[in-house]
């Protein structure tokens with residue numbers, strides 16, 4: 001499961017992994033990456049806990065080692081673990097990782113990494129959470145039948161959210177941030193904006209979305225599903241059902257019990273309209289007009 005970051009991927013992963021036939025990397029696996037834990041009890045412990053997320057019902061109990069912000073037996077991107085057990089730098093490439101980056105040595109490490117965890121957790125679907133660059137071509141070159149759920153969110157909302165995150169390093173400029181250099185045409189758009197940080201965050205989304213569209217074009221038919229975050233908020237049961245069908249998971253009684261514990265709230269779909277000035281929003285829309293239109297977003 002992929003997305004640009006701040007696109008709703010956490011909500012999707014934490015919902016899908018309520019399914020008893022799913023597996024995942026947990027926060028504990030990631031924090032204790034030296035131990036190379038396989039997460040044997042991840043699912044059992046996570047599904048016992050109530051949900052948490054700004055878009056879901058707040059935690060009211062179970063404030064123990066599974067509480068957010070501490071060691072969590074809950075789904076995680078697990079980048080520390082993957083950097084240590086697959087290769088250092090998996091989490092921070094300066095461009096997308098594609099099939100041509102795979103080596104025989106790394107192929108075996110990728111296969112062993114996921115196969116050992118699927119076996120330990122006894123799951124039929126392992127839900128891995130990736131944000132930033134897609135990396136799907138790289139993973140598919142080792143695991144050809146992997147399926148991709150790509151969570152897409154309005155680029156204006158993503159750009160606004162990045163600006164509020166402590167980890168966003170765009171303040172250092174595109175020559176020093178995590179995504180690597182801007183392509184020449186995007187660099188020109190940034191310079192034309194007066195080197196606006198709001199525009200730079202929007203261009204980051206635009207650059208990543210180009211990579212997602214390229215990755216989708218190189219993925220075998222039937223192995224890629226685009227899901228718009230806004231559609232999920234508007235019709236959660238329908239969209240989640242589509243994702244389960246795509247992944248080969250049945251909406252059974254056990255999943256229904258976990259799903260009903262979530263309250264998905266669409267309140268912040270367009271908070272960027274209040275959190276950016278009109279001039280900043282106009283500048284962002286100037287550079288995002290085409291990709292927003294392609295994904296069905298109105299200016």
Protection proxy ranking, peptides 19-25, 95-101, average beta carbon neighbours within 10 Å, highest first: 19-25, 95-101
Max mean-square fluctuation residue, GNM over the chain, Cα-Cα springs under 10 Å, options 137, 173, 204: 173
Region 2-294 - share of DSSP beta bridges that are antiparallel (%, nearest 5): 10
Label-point gap, in nm, between residue 108 and residue 290 - each point 7 angstrom along Cα→Cβ: 4.5
Value at 222 nm in deg cm²/dmol, rounded to 500, when DSSP H runs of n ≥ 4 in the chain each add -39,500 (n - 2.57): -13500 deg cm²/dmol
Relative contact order for the chain, counting Cα pairs under 8 Å that sit 6 or more residues apart, in percent: 25
Distance in nm between pseudo-label sites at residue 94 and residue 146 (7 Å out along the Cβ direction from Cα): 2.3
Peptide ranges 42-50, 4-12, 247-255 listed from the most packed, as the mean C-beta count within 10 angstrom indicates: 4-12, 42-50, 247-255
Gained length - residue 32 relative to residue 195, 0.36 nm times residue gap less alpha-carbon distance: 54.7 nm
Extension reserve of the residue 172-residue 246 stretch, reckoned as 0.36 nm per residue once the Cα distance is removed: 22.6 nm
Within region 137-158: backbone nitrogen closer than 18 Å to the residue 213 label point (7 Å, Cα to C-beta): 137, 150-158
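Values quoted throughout were computed directly from the atomic coordinates according to the rules given, and no laboratory measurement underlies them. Values in this document were obtained by computation on a predicted structure and should not be read as measured data. Using ideal geometry, Cβ is built from the backbone for each residue, glycine included, and neighbour counts are taken over all protein chains shown.
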